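*Asks:* Here you go, one structure.
None of the figures in this text is laboratory data; all of them are computed from the coordinates on show. Just so we're clear, the structure is a prediction, and the values are computed from it rather than from any experiment. So basically every Cβ, Gly included, is an ideal-geometry build from the backbone, and we count neighbours across all protein chains shown.
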Amino acid sequence: MKILIIGAGRVGSSVAENLVSEQNDITVVDTNPDRLTYLQERFDLRCVLGDGSLPDVLEEAGADDTDLLVACAATDASNLVACTIARDTFNIPRRIVRVRGQSYSENEALLAESFGVDFVISPEKSVTQYLYSLIEFPEALQVVEFAQGRVSVVILKVGRKSSLIGHHIDETHLNLPNLNTRILEVMRGEVSIPMNRVGAIQADDELVLAIDTRQARESIASFHKEKKRIRSIMIAGGGNIGYRLAKELAQDNYNVRIIESNKARCQWLASMLPENVLVLHGNGTDESLLESENIAEMDTWLALTNDDEDNIMSSLLAKRLGARKVIALISRQAYGELMQGSMIDIAVSPAQATIGALLRDVRQGAVVAGHRLRRGAAEVIEFEVLGDINSSKLADRSVKDIQFPKSSTLAVIFREGYLIMPEPDTVIRQGDHVIVYAANRETMKKVEKMFQVSAMFF
């Protein structure tokens, strides 16, 4: 696939890094030569220096035969102009735009009609939702949703008091007879254990689970007996993500304190956030400030500034001073992999939180939604089953007759508002939404071919 990316900032660079690994033909346009040099030295892609909202620059970048435009320049105006030109002048078939303005992101109909936007990316919104899920389910390392929010795919560690310790993986359904829950993968350390040889479940095993969202709390409690309830939260960084998250948490009666180093921003936060949010002027790396605000009594610390190093250092300090759970926003993948599971409990990558929006377009088949798990190593995709027994490899066939690639698992079938945990005799029908987990991206490339229909379908 030929993909044109406008903007080589944090979002654009992350998108380019993720998509170039999929063996796509990537061209990046930006006005900053240093950013382009950085990308070109590290990745196999083409760079064009210029303003991506200008027709001649887009033409130079190869817009004439581009399959997908991803506009993520610094300003909403530039992105929307680029999208409009891509539609009207170059007839680029698929156009995705990053917008920051809330009035834009909440009015997708306007963007589609006036600017030709097919899909909107709002990194701040995606990351905020991601962080909120981690607070809502404190035992979880990652939570993503599918099937209109009815299915949650969760990664968590087995608690040391879990009743499932010692049971074989195939026996777990006997202990959860009334719950729609399926184990998709078991990680022991950094090693993925084959499901047919996992032996007994052990404490600290990382499990990837597909769960009926309505039963999520009960299901997670079965795997992690320690009862956790987060009430007190301290946030370092009052930017867009910190503000959005503090606002949502305050509405749900969490005790929230937010630290911001910019005094003018502090005043703005104090005027915009509910009265039950305490806004503090200071720095998250200030030990005396954290101690004076009783950091040791905080259930969760979140470092959400724009600086990876500050987020890491403030999180390490918060943990040392007694914060129970520490979450840091870390953009650089190498930093995130290094810090995850150490003194920092969860390292959140903005790129991985938003890249799912692009999987619908870079994956083949009728993709409804997609997310990456385990720092980008694994993928979960929701496909729609098209065709019939003559044109499809899946439709009107039972699960036992379908050979899914090794390291992939058929997790859930969503049919007309109902969840089905598939058994060998379950028949897949046209129109079903099928959620598939793949332990690695190479496996998912094989899976997606199974959901393509033959030419006779059309």
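*Asks:* Please list the three semi-axes, largest first and in whole Å, of the ellipsoid equivalent to the range 356-457, using sqrt of 5 times the eigenvalues of its alpha carbon gyration tensor.
*Replies:* Each semi-axis is √(5λ); the values are 20, 15, 13 Å.
*Asks:* How large is ³J(HN,Hα), in whole Hz, for each residue of the range 125-132 in order, when computed from phi with the Karplus curve 6.51 cos²θ - 1.76 cosθ + 1.60 and θ = phi - 60°, using x for Gly and Pro?
*Replies:* Those phi angles translate into 5, 4, 5, 4, 4, 4, 5, 4 Hz.
*Asks:* Next up: Name the residues whose placed amide hydrogens come within less than 5 Å of the amide hydrogen of Ile121, ignoring near sequence neighbours (fewer than 5 apart) on the same chain.
*Replies:* For Ile121, the qualifying residues are Val97, Arg98, Val99.
*Asks:* Provide the descending list of Cα extents for the range 110-173 along its principal axes, expressed in whole angstroms.
*Replies:* 59, 23, 12
*Asks:* Moving on to the next point. In percent, how large is the relative contact order of the chain, given Cα pairs closer than 8 Å and 6 or more residues apart?
*Replies:* It rounds to 9 percent for the chain.
*Asks:* Just how large is the dipole of the chain about the Cα centre, in debye to the nearest 20, putting +1 at every Lys and Arg Cβ and -1 at every Asp and Glu Cβ?
*Replies:* My answer is approximately 1200 debye.
*Asks:* Here's another thing I want to ask about it. What is the sum of charges around Phe414, taking Lys and Arg as +1, Asp and Glu as -1, for the other residues whose C-beta is under 14 Å from the C-beta of Phe414?
*Replies:* Its environment carries a net charge of -1.
*Asks:* Applying a 10 Å radius around every beta-carbon, put 270-276, 14-20, 183-189 in order of their mean neighbour count, most first.
*Replies:* Averaged packing, sorted descending, gives the order 14-20, 183-189, 270-276.
*Asks:* Taking 1 over the mean of 1/r across every pair of different Cα atoms in the range 232-353, what Kirkwood radius in Å do you get?
*Replies:* Kirkwood hydrodynamic radius for the range 232-353: 14.1 Å.
*Asks:* Once phi is turned into ³J(HN,Hα) by the Karplus curve 6.51 cos²θ - 1.76 cosθ + 1.60 with θ = phi - 60°, what whole-Hz value does each residue of the range 372-378 show in order, with x for glycine and proline?
*Replies:* Rounded to whole hertz, the list is 9, 10, 6, 6, x, 6, 10.
*Asks:* Let me ask something else about it. Convex hull volume of the Cα atoms in the range 259-324, per residue, in Å³?
*Replies:* 86
*Asks:* Here is a follow-up. Hey, what do the phi angles of the range 293-306 turn into as Karplus ³J(HN,Hα) couplings, whole Hz, using 6.51/-1.76/1.60 and θ = phi - 60°, x for Gly and Pro?
*Replies:* With the stated coefficients, the range 293-306 comes to 9, 6, 4, 5, 8, 7, 6, 9, 10, 10, 9, 10, 7, 8 Hz.
*Asks:* Looking at the chain, what % of its DSSP beta bridges pair antiparallel, to the nearest 5?
*Replies:* Restricted to the chain, the bridges split so that about 50 percent are antiparallel.
*Asks:* Give me the Debye-computed log₁₀ of I(q)/I(0) at q = 0.14, 0.15, 0.19, 0.23 Å⁻¹ for the range 233-273, equal point scatterers on Cα only, no solvent, two decimals.
*Replies:* Calculated log10 I(q)/I(0) at the listed q: -0.25, -0.28, -0.46, -0.67.
*Asks:* Please work out the ratio of the alpha-carbon Rg of the chain to 2.2 N^0.38 Å and round it to two decimals.
*Replies:* 1.01
*Asks:* For Asp25, what is the net charge nearby, where nearby means another residue's Cβ is under 11 Å from its Cβ and Lys, Arg count +1, Asp, Glu -1?
*Replies:* -2
*Asks:* May I pose another question? Determine the equivalent ellipsoid of the range 2-121 by diagonalising the alpha-carbon gyration tensor, then write out the semi-axes as square roots of 5 times the eigenvalues, largest first, rounded to whole Å.
*Replies:* For the range 2-121, the semi-axes come out at 22, 15, 13 Å.
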